[in-house]
1. Once you charge only the Cβ atoms, +1 for Lys and Arg and -1 for Asp and Glu, what is the size of the charge dipole of the stretch A:425-505 about its Cα centre, to the nearest 20 debye?
2. Suppose R0 equals 35 Å; then what is the FRET efficiency for residue B:71 and residue B:312 from their Cβ-Cβ distance, rounded to the nearest 0.05?
3. On a 1.4 Å probe surface of the protein chains, which of B:189, A:451, A:277 comes out largest in accessible area, and what is the full order?
4. Could you state the number of Å between the C-alpha centres of the stretch A:108-143 and the stretch B:145-215?
5. List the residues, sorted by chain then number, that are 5 or more residues from residue B:264 or on another chain and whose placed amide H is less than 5 Å from its amide H.
6. Give me the one-decimal nm value for the distance between modelled label points at residue B:155 and residue A:255, 7 Å along each residue's Cα-to-Cβ direction.
7. Report the Cα centroid-to-centroid distance between the stretch A:31-60 and the stretch B:27-58 in angstrom, as an integer.
8. Roughly speaking, what is the centre-to-centre gap between the stretch A:196-250 and the stretch A:460-506 when only Cα atoms are used, to the nearest Å?
Amino acid sequence: MSTTVTVRDLLADDSLRAGELLGGASGLDSAVREVILVTGGRELDSAPPGAAAVLDLTGAGGLTHTEHLVELVCRRLRGRSGRLLVVAGGRAHAAMSTGRLADRLGLPVLTVAEGLSPPVLACRLLALVRRPEITLARTLNLATRRLHAAAGDLTRILAAVDVSLRGRTALVTSGGSAIAGPAPECGHLLAEASAEFAERAGSLNVAACPAGDLWVVCEAAAGGPLWRDAALAVLRPASAYVTAWLAGERLAAERDARRRSQVLAELLHVEGEVPIYLNEQAAKLGWRLEGWHSGIHIAVVGEAGHPPTVTERLTGELAAHGVAGPVAELAGGWSTWVTSPSPAWGRELPAAVRSALASFRRGGNRPVLVAGIGQPAQGPRGISSTLAEARQAAVVSASSGEPGTVKHVDELGAKRLLLGWYGSAAFRDYARQILDPLLGEPGLLRTIEVYLDCGCSPSEAAQRLGLHRNTVSQRVRRAESLLGTALATPDDRLALQLACRAIRVG
Amino acid sequence: MEIASADLADLAAGATLLGSGGGGDTVSAAILVRRVLERYGPVRLVAPSELDPDDWVITVAAIGAITVMLERLPGGDEFVTAVRTLERWLGVRASAVQGMEAAGFNALIPVAVAAWLDLPLVDADGMGRAFPRLDQTVFTLSEVPAAPAVLVDPSGDTVIIGSGDNAAVERLARAALPALGAWAASALYPMRAGQVERAALTGSFSRAIRLGRMLRTAQRTRARAGLSAEGGEILFSGAVLQVRQRTPYGLGVATLEHTRDRERTLRIELADEFLLALDDGSIVGCVPDLISLVDTRSWQPVSADRLTPGRHVDVLRLPAPARWHEPAGRALAGPAAFGLYLPEGM
């Protein structure tokens, strides 16, 4: 691999980092191939093209005024296709003319007030230009050592990359939001990226390497291609350390989730007194079994399966909205409850859960969730009864089809009658049977569903579906012929509507 | 040829241009000299060849802070005393006076001195422009000693530097100035007319008058052609963007932006005078040649200490007398003499 070294790379080196760029920024991306030490005019006459020059003014023989030489050399160096002029020991407050000339010629001019002597500086830069792989190897070696020491601690892993690359490092989602570290300025680049990359975006260098379904991203203003090569070299092992950390975290999260589900399952099936060991386990998890409990069940609508991190994010959202109960994953959703000394507290619960779900959706999180809330109930047995109600309410919420719907069991009224139907596997099979001719045509099924929900009004259904009234009427006729029933018959209409709901819930 | 009060405006204008941004105020000096000439009549300007080769010629100049002199104007006695003292010291009688520096303030003083002494003024000087040190003369190049030299302050206090090489005379005179009240009338470089012919830069005063006439014509008519007849050229026309005046630690620097090509930059190094001009990084003017700035509109010369951002100026270059370009001349009055480092090959 051969690395191009540009002026930016030289300016990012420790020896020049403190220097002041007087002008010529348009030449910062030029490749540097050679470094020369200039003490007079002769070196300039033989300067090879693509050279960076270090101007040594220490041999001025006691004459105090040397500033003007910078401009003379600048002009001559540009004439030899020079790339950079470094003025060692130059004065910090150079005249305006120097910057203007550098800008005009597109030749970066840098003054370094103190530091290495000019010959030593020239040697250092020459090594950087001729053998960039040595710099790369040194950076990687140091980074690997730091990463090894930081293993298992995400903050320290990111800090190790920060120090090695002198950048800002973060662990981010492919949407660009930071999970750890400062949010990257160029996070939007990740949306289109499929593999590791390093590039210059505006005034920043960005390098990113995937770590599981996340990205380790480092940004730095200083540096050029050499930095980007070094960044990829460092990010590769760093992302392996991050992936290992992620795996460990997930393992721990799953272990916890499983324990919570197990304890909750046992609690729900307790008859009579709660056994001592179960009390103990609940206490270990921080659950309060006494007092008044209001159960909440959150159900997934539609797709099955979700990433393991959902539980954690959902718990976070609920807690942020004042619902700080234990969350356990149970068949097709999550159960939680809040405990208070009196039954009165539960009134604000629906609003709180609603905003938590809305906030969860706004964060771009999948899957689509709905929730149900049970009546407050007392004591350890109360947990079981309030959660049972919450699950019923959640089924009704799911049947509405609106993401984020939250129903309290009290609101259900007559709908509780329907729960039996919705919940019955036998009826769901039957529903599938009678709707079978429509299952292959989701558009048709949806039309019928909405048509029935709108009290068989084609105009209202057309409005809700965004279709023409005639299209709705025509689809209804087609569905009738496919199903072999007439929607004018009340019994058929009721059976079809129930079947539609059952399928949606299922 | 004579210098009458009518010639003084031209002489003063030319002397300012030859000051290369330094040399002191010529306007007040012209007023002073006009009053002298109105009283004593015109001064005869002679070529050295018009004198007997054995005639003594004494060089006169005001040295020190010109600004202080303007507050404490010379009455004439100090210059007369200086020349008479030098004559007594040498046991000779001067047949004429000449200038040390026919530029700036010191281009006018010898005219007044010649009138006070009722002697002719030799059309010659030792610099052909303004320089800050009294040993920076072609006399030094020709090994004509500056000593004995006499310094007289306005109260009549007198210092005689009896001997020493020219650099030593400069050093001693400079050391005496604070005690003399910042400036002094001086009579120095006594020489015979034959030596003047060989060692001095001749035609200096007539050149100053000619340059002044050219400049004043240009001010009135906007005609710029006269400049090239004197070997001069306009280097740059532009606006002053930044001026960093000299400090005890370094020279000053001015940055100018070209009027038409706004990216083109002229850099000028300055001390009491303009020393070096770089046009986009190339040397276009360098001491000992003269760099003079004039206001673009009025063509009034702009001195180095009056240069301020926002002014629009034309930058002129006039060649120095050829002897300043010889190696010895460059060593005495070239860039290095002002602390400017220009290594070989630059």
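The values are calculated or read from the model by the stated rules, or taken from the named source; none is laboratory data. Remember, it's a predicted structure, so these values are computed and weren't measured experimentally. Heads up, the Cβs are rebuilt from the backbone with ideal geometry, glycines too, and the neighbour counts pull from every protein chain shown. Just the protein is used for accessible areas: all its heavy atoms, side chains included, with ligands, DNA and RNA removed. Shrake-Rupley method; radii C 1.70, N 1.55, O 1.52, S 1.80 Å.
1. Working: 11 positive and 9 negative charges, 44 e Å.
For the stretch A:425-505, the charge dipole is close to 200 debye.
2. 0.65
3. A:277, A:451, B:189
4. 56
5. Here B:258 satisfy the definition.
6. It is 10.0 nm.
7. After rounding, the separation between the Cα centres reads 55 Å.
8. 54
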